[in-house]
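For reference, the structure discussed in these notes is given below.
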Amino acid sequence: MPTLGHSLIAALKDHGAREIFGIPGDFVLPLCKVIEESGLLPFYTLSHEPAVGFAADAAARFRGSISVAVATWGAGAFNLVNPVAGAYAERSPVVVVSGAPGVHERASGWQLHHMSRAIDTQARIFREITCDQAVLDDPARAPADIARVLRSAIAYSLPVYIEVPRDLVGAETAAVAPLPRLPVDADALAECADEILARLAAAATPVLMVDVEVRRYGVEDKAARLARALGIPVVTTFMGRGLLSGHADVVRGTYMGAAGEAAITRLVEGSDGLLLLGVILSDTNFAVSERKIDMRRAMLAIDRAVRVGHHAYPAIPLDALLDALLARVTERPAAAAPAAPPPPASTLSLDDAVIAPSDVAAAINDLFAAHGPMPMAADMGDCLFTAMEIANTDLVAPGYYAGMGFGVPAGLGACVAAGGRPLILVGDGAFQMTGFELGNCRRYGWDPICLVFNNASWEMLRVFQPESAFNNLDDWRFAELAGPLGGDGVRVRTRRELAAALACAHATRGRFQLIEVMLPRGQTSDTLARFVAGFKAARERGAAG
Ligand code: TPW
Ligand code: MG
């Protein structure tokens, strides 16, 4: 019979995990030993648990599968609360695996180290931010619990929580048999698909909007095929930027209301048949609307449920919905790929002017035009809004939860799971939070290119509240940190230097490349300026109404 530890790791792999991120501690040392010695999945240790959570989240997002964050009990796992909360908000199936005091220790009468309040405090906290939980305190029940929890993570595309008492890691237990998929009511599915297609057919200007669940459930291709079959334009949300990047023939752009392209805003807000696939109805996606979208008339598939006008169809997963829709339409081949566009003249002026945030987007567009697109991880801050000005490419970012500190560790997750060398976009404030994690690149051979937008400022906050001096940050010389951390760093002040640094970073493999882009305080990307204006206007409208 296998041990509980081995069964758990094998089950993680069987359910799609391809790596484990973690930081050990005494309550999880026995499990970490099984991870290492079984060789079933690579084990990447980082420096601080928030980064473990962000990296696992990003790996899950890029691959469209579960990923794993391992921590010790209490002091370790509590550090995962924020990343897991963000993963919940943005529907990323991170499996939290926490060590715990042994079943026998719990009866000792001592207050156990790392304990905050009670033995079950941690499990109770994670119950709020995961969709299913298991405390594996009974080896006989553990395989069934593991199977249930991992099925939930996949079915709901949400984080789950597994706690392993350290004295049971070596207990004998059966292997984990994966459970069948949750059932779908075929009649409900058929009626739902028919109703959606009827409404789309009756609409004069139908539009398909896609958001992150389309990636989570691996249905980007199917969404593109549906749009092609019906001849419907596709837009992504702000949060969904980067989706369907391989289907340029159907994707028109990203909807950002007042902050975005006027033609896209008109298209979406004027549509009489808006089909929202996997769309989170968040303020970052919709509060900047110029004209409020009437969600009662829209068709929305999210959280394994579909709403069509006032009709509710529960228990309809997105992949089943797309299969049902596709089965009812006549598919068309993808439009012949448009003739290769001429290589764009450099959009960045190669001069000695100081760099503006939108120049960074132009420089990256030039790089992509010359060498092909790279997957990107962006942090919260103006770098994320600048990312909207970069050609559509695979992107992970906290576009809804909006937590800082995501970018660099997410970029490390991308090194493992994105299938290509990633580009990291991060502000100086966010880099202060988690930038040191770049020091883990050398031992794993990761070589992301990291652009730090250094304006010595919490600039995004300044836009909302310019009078506050606390938004001034000191000038940390980040580029000089790169060498000791195992990478190469360069500080650039002009557009010419920026383009040269990007070319050099792209040509250098095997070490992380840090480009510290010096930006004047008080300047934002064009997109952020429009976004903040739209947000403020919406807030004032709300206050007035
Ligand atoms: C974990 C609040 C949102 S944006 C921002 C803060 C502090 C400033 C970001 O500064 P940075 O980027 O990274 O230098 P930029 O372009 O604005 O200059 N704590 C967390 N998350 C959030 N979102 C905040 C605070 C915030
Ligand atoms: Mg800043």
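Within segment 162-191, count every residue that is in contact with a His (Cβ under 8 Å, 6 or more places away or on another chain) and hydrophobic (A, V, I, L, M, F, W, C). I'd like the intermediate steps shown before the answer.
At the first step, the residues of segment 162-191 found to be in contact with a His (Cβ under 8 Å, 6 or more places away or on another chain) are 167, 178.
Next, from what is left, pick out any that are hydrophobic (A, V, I, L, M, F, W, C): none.
Number of matching residues: 0.
Evaluate the following for Gly522: is it of a type outside the set (A, V, I, L, M, F, W, C), outside any helix (DSSP H, G or I), surrounded by fewer than 23 Cβ atoms within 10 Å (Cβ to Cβ) and at pLDDT below 95?
yes
Could you tell me whether Phe464 is of a type outside the set (Gly, Ala, Ser), outside the structural domain of Asp447 (by TED's automatic domain parsing) and in contact (Cβ under 8 Å) with a residue 60 or more places away in the chain? Working first, answer last.
Values: of a type outside the set (Gly, Ala, Ser): yes; outside the structural domain of Asp447 (by TED's automatic domain parsing): no; in contact (Cβ under 8 Å) with a residue 60 or more places away in the chain: yes.
Answer is no for this residue.
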Residue hits (segment 391-416; away from ligand 2 (no atom under 16 Å from the Cβ) and surrounded by fewer than 24 Cβ atoms within 10 Å (Cβ to Cβ)) are Ala391, Asn392, Thr393, Asp394, Tyr400, Tyr401, Val416
* Asked: Just to be sure, is Gly419 surrounded by fewer than 22 Cβ atoms within 10 Å (Cβ to Cβ), more than 16 Å from ligand 2 (Cβ to nearest atom) and in the same structural domain as Glu516 (by TED's automatic domain parsing)?
  -> yes
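Within segment 364-463, considering only strands (runs of 3 or more DSSP E) that don't extend past its boundaries, which have at least 2 residues that are within 16 Å of ligand 1 (Cβ to nearest atom) and closer than 21 Å to Ser65 by Cα? Show your work before the answer.
Working: elements: 376-378, 423-427, 449-454.
Counting at least 2 such residues, we get 376-378.
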Screening Gly487, Gly542, Gly534, Gly522 for residues that are without any contact (Cβ under 8 Å) to a residue 40 or more places away in the chain and small (Gly, Ala, Ser) leaves only Gly542
(request) Answer yes or no: is there a residue in segment 77-92 that is closer than 19 Å to Asn440 by Cα and either modelled with pLDDT under 95 or more than 15 Å from the chain's Cα centre (by Cα) (or both). (result) yes
So, first residue within 16 Å of ligand 2 (Cβ to nearest atom) in segment 427-442, second residue polar (S, T, N, Q), Cβ within less than 7 Å, six or more apart or across chains; the pairs are Asp428/Asn454; Asp428/Asn455
Of the conditions (1) out of contact with any Leu (no Cβ under 8 Å at 6 or more places or on another chain); (2) in contact (Cβ under 8 Å) with a residue 24 or more places away in the chain; (3) more than 21 Å from Ala203 (Cβ to Cβ), the single one that Thr237 does not satisfy is (3)
Pairing a residue in segment 387-414 that is closer than 21 Å to Ala529 by Cβ with any residue that is of a type in the set (Asp, Glu) and away from ligand 2 (no atom under 16 Å from the Cβ), where Cβ atoms lie under 7 Å and the two sit 6 or more apart in sequence or on different chains, gives Pro398/Glu90; Tyr400/Glu90
Counting only residues in segment 481-492 that are of a type outside the set (A, V, I, L, M, F, W, C) and surrounded by 13 or more Cβ atoms within 10 Å (Cβ to Cβ), the one nearest to ligand 2 (Cβ to nearest atom) is identified as Arg491
Within segment 472-515, restricting to residues that are within 16 Å of ligand 1 (Cβ to nearest atom) and in a strand (DSSP E or B), the one that is farthest from Gly411 (Cα to Cα) is Asn472
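For segment 202-285, give me every one of the helices (runs of 4 or more DSSP H) that falls completely inside it and has 1 or more residues that are out of contact with any helix residue (DSSP H, G or I) (no Cβ under 9 Å at 6 or more places or on another chain).
Details: elements: 213-216, 220-230, 262-269.
Correct list: 220-230, 262-269.
The values are calculated or read from the model by the stated rules, or taken from the named source; none is laboratory data. Predicted model, so just to flag it, every value in this text is computed and none were measured. Using ideal geometry, Cβ is built from the backbone for each residue, glycine included, and neighbour counts are taken over all protein chains shown.
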